[in-house]
1. Output the helices (runs of 4 or more DSSP H) that fall wholly within the range B:20-125 and possess 2 or more residues being within 24 Å of residue B:183 (Cβ to Cβ) and touching a helix residue (DSSP H, G or I) at 6+ places or on another chain (Cβ under 9 Å), or say none.
2. Is there a residue in the range B:217-235 that is surrounded by 14 or more Cβ atoms within 10 Å (Cβ to Cβ) and under 28 Å from residue B:264 (Cβ atoms)?
3. Check the range B:75-86 and report whether any residue there is over 30 Å from residue B:167 (Cβ atoms) and not small (Gly, Ala, Ser).
4. Checking residue A:53 against (1) modelled with pLDDT of 95 or more; (2) closer than 30 Å to residue A:508 by Cβ; (3) in contact with a Lys or Arg (Cβ under 6 Å, 6 or more places away or on another chain), which test does it fail?
5. How do the pairs read when you match residues in the range A:316-333 that are farther than 22 Å from residue A:403 by Cβ with residues anywhere that are β-branched (Val, Ile, Thr) and assigned to a loop (DSSP other than H, G, I, E, B), using Cβ under 8 Å and keeping only pairs 6 or more apart or on different chains?
6. Tally up the residues in the range A:132-158 that are in contact (Cβ under 8 Å) with a residue 40 or more places away in the chain and of a type outside the set (Gly, Ala, Ser), please.
7. From the list A:403, A:364, pick out the single residue that is away from every other protein chain (no Cβ under 14 Å), within 21 Å of residue A:308 (Cα to Cα), at pLDDT 95 or above and in contact with a Phe, Trp or Tyr (Cβ under 6 Å, 6 or more places away or on another chain).
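The values are calculated or read from the model by the stated rules, or taken from the named source; none is laboratory data. All figures in this text were calculated on a predicted structure; none of them were measured in a lab. With ideal geometry, Cβ positions are generated from the backbone for all residues, glycine too; neighbour counts draw on all protein chains shown. When the accessible area is computed, the model is the full protein with side chains, heavy atoms only, and any ligands, DNA or RNA have been set aside. Shrake-Rupley method; radii C 1.70, N 1.55, O 1.52, S 1.80 Å.
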Amino acid sequence: MTAVRLKKIAAIAGALVISAGVLAACGGSSSDSDLVRVNGSEPETGLITTTTNENGGGRIVDRLFTGLYYYDADGNPKPAMVDKLDTTDNKNYTITIKKGWKFTDGTEVKAHNFVDAWNFGAYTPNAQKQQSFFAPIAGYDEVSSENPTVKTMSGLKVVDDYTFTVALKQPAIDFKLGLGFTPFKPLPDVAFKDIKAFGENPVGNGPYKLQTWQHNVKADIVPNPDYPGENKAQNKGISFVFYTSLDTGYADLQSGNLDVLDTIPTSALRTYKQDLGDRAIDKATAQNQTITIPERLAHFGGQEGVLRRQAISMAIDRKQITTNIFQGSRNPSKDFTASSLPGFDGNLPGESNLEYNPTKAVALWNQANAIAPWSGKFVISTNYDGGHKEWTDAAANSIKNTLKIDAEGAGIPTFSQLRQQINDKTIQTAFRAGWQGDYPSMLEFLEPIFVTGGGSNDAGYSNPTFDAKVREAESQTSAEASYKVVGEAQQILLNDLPAIPMWDYVNNAGVNTGVKAAITWSGLPDYENITK
Amino acid sequence: MVWYTIRRILQLIPVFFGATLLLYFMVYKLPGDPTAALGGGRPLTEAVRNQIREQYHLNDNFFTQYWLYLKGIFTFDFGTSFSGRPVLDVMQQAFPVTIRLAIMALIFEAVFGIVFGVIAGMRKGGWFDSTVLVISLIVIAIPIFVIGFIAQFVIGVKWGLAPVTVGGNDGIANLVLPAIVLASGSFAYVLRLTRSSVAENATADHVRTATAKGLGRPRVVSVHILRNSLIPVVTFLGADLGALMAGAVVTEGIFNINGIGQTVFRSVQIGEAPTVVSIVTVLVLIYLIANLAVDLLYAVIDPRIRYA
């Protein structure tokens with residue numbers, strides 16, 4: 001071999017080594033390595049407490065703003081800005097806030113910052129997506145009509161710099177539980193000057209402040225050094241890396257480019273425990289899945305309907321589906337709420353209606369046939385853009401095999417199409433529905449969905465006894481007393497089954513080597529306490 | 001030549017209007033109310049939904065909506081996405097990334113496709129030719145997302161030689177692997193086109209004459225064979241630039257690259273007409289301009305092809 005040839009080979013080999021080195025060097029980012037890298041998604045709108053209502057934006061907004069309470073990992077409300085909250089009837093509240101809290105623009109948080117934010121959120125022309133959360137407050141109906149003439153709710157009054165009063169339409173213990181939730185956080189005066197610009201560059205009073213938001217790429221937040229609250233940031237900041245697919249996030253987690261991935265993609269559910277070892281975390285969260293069967297459908301009204309719904313519920317082998325399809329990432333339902341919520345019971349009378357019992361299912365179905373013979377096909381509609389096809393087909397099969405009737409899952413391409421049919425009440429079949437807790441309260445899983453005229457009462461369910469029980473639960477003075485009444489209310493639902501509870505979600509998450517993170521009641525990481 | 005160019009450029013105008021009208025109509029006809037899913041599981045109040053529909057002119061009829069869109073374009077106002085960002089901003093962020101990715105892919109497939117194609121064509125039937133043929137067949141047969149995931153897992157996750165995902169670090173070095181993945185499908189076509197074209201031209205009379213005249217092999221190959229063989233290859237590459245930009249949906253998804261592929265995908269899902277129509281229209285224009293460039297290039301490569 002000649003010298004020239006050798007030189008050539010050496011040059012090529014050298015070039016290869018260098019280019020490999022360049023590639024490898026670009027793999028790990030070094031500049032922001034102090035920040036904890038977690039998965040997120042591009043917020044749907046600007047980061048504003050009263051409008052951000054989806055997961056991607058919510059997880060960031062909640063770090064930037066702190067309300068009267070904050071929720072710890074178990075979902076218990078802990079005092080944050082609240083100094084004193086007085087009420088004797090769960091209807092009229094006098095709220096005193098702590099002094100000395102500041103927004104990151106230097107202005108002090110005062111009582112009017114809460115009142116202004118809530119009024120802003122409820123006023124229709126502002127088109128804030130969280131509008132409905134202000135519905136319990138007196139005067140909401142006037143500001144939330146199509147063309148409102150007043151801009152402020154009569155139920156809100158600023159008393160002095162640190163005190164304001166709230167009057168509700170009717171007693172609601174749930175209102176207090178929800179006061180840590182995003183729309184009830186305060187907004188600084190600067191927000192109302194140009195809300196759009198504010199949404200791009202929010203100024204909050206939370207444990208973190210926004211450093212950069214690179215659209216569709218990432219958002220970095222760093223600790224707010226002046227934060228006086230208990231839930232201070234225990235890390236040097238968080239980088240929310242936006243993914244459109246969890247599979248990509250999982251690849252990053254495996255290669256150490258991501259510190260926390262809060263949801264393992266379906267494709268990796270079979271292998272993640274082996275891949276990650278003790279870096280895998282499982283935690284039940286406040287999210288459930290149901291099959292809703294409106295009473296207005298043929299054969300599902302009155303006593304006949306109740307029997308048929310009970311039969312269908314008992315005809316579904318939840319355990320088998322959760323094991324086979326979801327690899328244990330779902331837990332069969334025990335009631336209409338979720339097991340991670342404070343006050344969850346799990347042993348309510350009537351719970352057996354949610355257990356697989358083919359013999360009883362057939363007997364109940366025959367009883368219903370005695371009232372009016374069954375005809376037609378039982379169809380469960382679902383959106384096919386969210387991974388729901390497999391289980392609806394399985395549930396339909398289980399019903400078909402047990403009751404010996406024609407049953408099938410039917411696909412609607414997108415979530416928005418399904419929602420449109422449900423909202424318009426034009427859907428002519430049973431359909432899948434899910435609920436995710438906005439704040440840790442069982443009542444939040446019952447009231448909007450099952451109370452007569454509730455904002456999300458897709459089934460059109462109406463039962464005065466149930467409504468009365470919910471009102472009774474709302475007027476209790478202690479959380480424990482209210483849990484008991486919530487249980488009684490749920491027994492009514494367990495008999496009527498306006499929706500058939502299927503399962504609660506279990507979040508399967510993973511962390512990078514050396515990272516400590518816990519998953520909270522809502523399925524999100526306990527961001528403030530992640531360390532690495 | 002000049003008139004030909006001008007005529008071709010003027011043709012872009014009806015294409016532009018036709019494409020936007022058609023696209024707008026298709027997005028308009030997408031089933032489902034875009035505001036229905038905005039509230040997640042909890043529906044928005046009727047009043048707020050109406051307010052939003054009003055803001056985005058969703059209550060207007062198709063022609064009013066399309067007219068408002070067109071009117072905006074002439075003042076470089078491409079409308080607003082549902083997130084409140086101007087579509088122009090969205091495009092300015094997404095296009096450079098995808099263009100970079102597509103051009104890199106184009107260079108990879110052109111350089112490797114032509115070099116390997118020439119070698120294979122010159123040594124038709126040899127071991128190199130057979131090996132390359134088999135490999136190109138396999139590459140064509142495997143869907144690009146499979147190649148992408150495997151490359152990501154093996155080269156990125158297991159060997160750590162390339163970034164697993166790109167995210168915001170979309171410099172040229174980080175785009176090498178995604179560009180190779182994106183190029184892989186077309187690379188095989190370029191290779192096969194070049195190979196058969198070269199093999200055919202290698203036995204042509206003028207090549208034999210050139211060799212007989214005593215010209216060196218490099219000159220024979222580069223001037224007498226390659227020049228004639230490149231016409232079909234350049235045609236393919238020109239058309240492929242447009243295809244690469246549109247095909248980036250898959251590659252961008254796998255490597256989490258924030259380009260137009262991802263943006264269009266997201267926008268179609270939520271029924272966001274201004275974004276989809278604006279981006280796809282620009283894609284159509286790029287496609288047309290690339291084709292125009294190819295037609296003009298013919299004259300350079302082969303002087304026999306000249307337009308009046």
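1. Values: elements: B:46-55, B:62-73, B:87-122.
In the range B:20-125, B:87-122 are the helices (runs of 4 or more DSSP H) which contain 2 or more residues that are within 24 Å of residue B:183 (Cβ to Cβ) and touching a helix residue (DSSP H, G or I) at 6+ places or on another chain (Cβ under 9 Å).
2. Yes, because at least one residue in the range B:217-235 is surrounded by 14 or more Cβ atoms within 10 Å (Cβ to Cβ) and under 28 Å from residue B:264 (Cβ atoms).
3. Within the range B:75-86, the first condition is being over 30 Å from residue B:167 (Cβ atoms), and the residues that meet it are B:75.
Among the residues that remain, those that are also not small (Gly, Ala, Ser) are: B:75.
So far as the range B:75-86 goes, yes, one or more of its residues are over 30 Å from residue B:167 (Cβ atoms) and not small (Gly, Ala, Ser).
4. All conditions are met except number (1).
5. Going by the 8 Å Cβ cut-off, the qualifying pairs are A:329/A:264.
6. First, pick out the residues of the range A:132-158 that are in contact (Cβ under 8 Å) with a residue 40 or more places away in the chain: A:132-135, A:156-158.
Within this subset, residues satisfying the condition of being of a type outside the set (Gly, Ala, Ser) are A:133-134, A:156-158.
Qualifying residue count, the range A:132-158: 5.
7. On the way: A:364 fails: in contact with a Phe, Trp or Tyr (Cβ under 6 Å, 6 or more places away or on another chain).
That would be A:403, the only listed residue that is away from every other protein chain (no Cβ under 14 Å), within 21 Å of residue A:308 (Cα to Cα), at pLDDT 95 or above and in contact with a Phe, Trp or Tyr (Cβ under 6 Å, 6 or more places away or on another chain).
Each row is one residue, and each column tells you yes or no for (1) at pLDDT below 95; (2) open to solvent by less than 30 Å² (accessible area, probe 1.4 Å).
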{"site": "A:226", "(1), (2)": "yes, no"}
{"site": "A:236", "(1), (2)": "no, no"}
{"site": "A:243", "(1), (2)": "yes, yes"}
{"site": "A:246", "(1), (2)": "yes, no"}
{"site": "A:257", "(1), (2)": "yes, no"}
{"site": "A:271", "(1), (2)": "yes, no"}
{"site": "A:277", "(1), (2)": "yes, no"}
